[in-house]
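Everything below concerns the one structure shown next.
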Amino acid sequence: MSNKDEIIAKLHGKIDEYSTDIDALIDKVETKKSEKNMEYHQEINDLRIKREELKEKIDSLKTAGEESFQDIKTGIENAGNALGDAVRSAKERFF
């Protein structure tokens, strides 16, 4: 497996981890009666949108040449970290 493939696999692993966290948030919101449910659902929807945008960026890495891969990789890693921070923040605020 090339370095590029390893990085893409690692990023997809993070996406899977965040997807699990988002699903857990949905389950908690659904089982908990709260006046803030609408707010929670909106924030979860925002997380899903960010996750899908990140998936698209990761998929673009597959076809990128080595030089552009290096340029794009840092931005995608930063976006992944931002999504992870947003998921952790939502988990802390919701519960």
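The values are calculated or read from the model by the stated rules, or taken from the named source; none is laboratory data. No experiment lies behind these values; they were computed from the predicted model shown. Because the Cβ atoms are built from the backbone with ideal geometry, glycine has one as well, and the counts that use them run over all protein chains shown.
Here's the yes/no breakdown for (1) at pLDDT below 85; (2) part of a helix (DSSP H, G or I); (3) closer than 14 Å to Leu83 by Cα; (4) basic (Lys, Arg):
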{"residue": "Leu11", "(1), (2), (3), (4)": "no, yes, yes, no"}
{"residue": "Asp23", "(1), (2), (3), (4)": "no, yes, no, no"}
{"residue": "Asp27", "(1), (2), (3), (4)": "no, yes, no, no"}
{"residue": "Lys33", "(1), (2), (3), (4)": "yes, no, no, yes"}
{"residue": "Glu43", "(1), (2), (3), (4)": "no, yes, yes, no"}
{"residue": "Arg51", "(1), (2), (3), (4)": "no, yes, yes, yes"}
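Results for (1) over 25 Å from Glu56 (Cβ atoms); (2) in contact (Cβ under 8 Å) with a residue 24 or more places away in the chain; (3) over 19 Å from the mean Cα position of the chain (by Cα), shown as yes or no for each residue.
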{"position": "Asp5", "(1), (2), (3)": "no, no, no"}
{"position": "Ala9", "(1), (2), (3)": "no, no, no"}
{"position": "Ile15", "(1), (2), (3)": "no, yes, no"}
{"position": "Tyr18", "(1), (2), (3)": "no, yes, no"}
{"position": "Asp23", "(1), (2), (3)": "no, no, no"}
{"position": "Ile26", "(1), (2), (3)": "no, no, no"}
{"position": "Lys33", "(1), (2), (3)": "yes, no, yes"}
{"position": "Met38", "(1), (2), (3)": "yes, no, yes"}
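Tell me, please, whether a residue that is surrounded by 11 or more Cβ atoms within 10 Å (Cβ to Cβ), of a type in the set (Gly, Ala, Ser) and assigned to a helix (DSSP H, G or I) can be found in the stretch 69-78. So far as the stretch 69-78 goes, no, none of its residues is surrounded by 11 or more Cβ atoms within 10 Å (Cβ to Cβ), of a type in the set (Gly, Ala, Ser) and assigned to a helix (DSSP H, G or I).
Among the residues of the stretch 43-56, write down those that are under 19 Å from Gly13 (Cα atoms) and surrounded by fewer than 16 Cβ atoms within 10 Å (Cβ to Cβ). Those that are under 19 Å from Gly13 (Cα atoms) and surrounded by fewer than 16 Cβ atoms within 10 Å (Cβ to Cβ): Arg48, Ile49, Glu52, Glu53, Lys55, Glu56.
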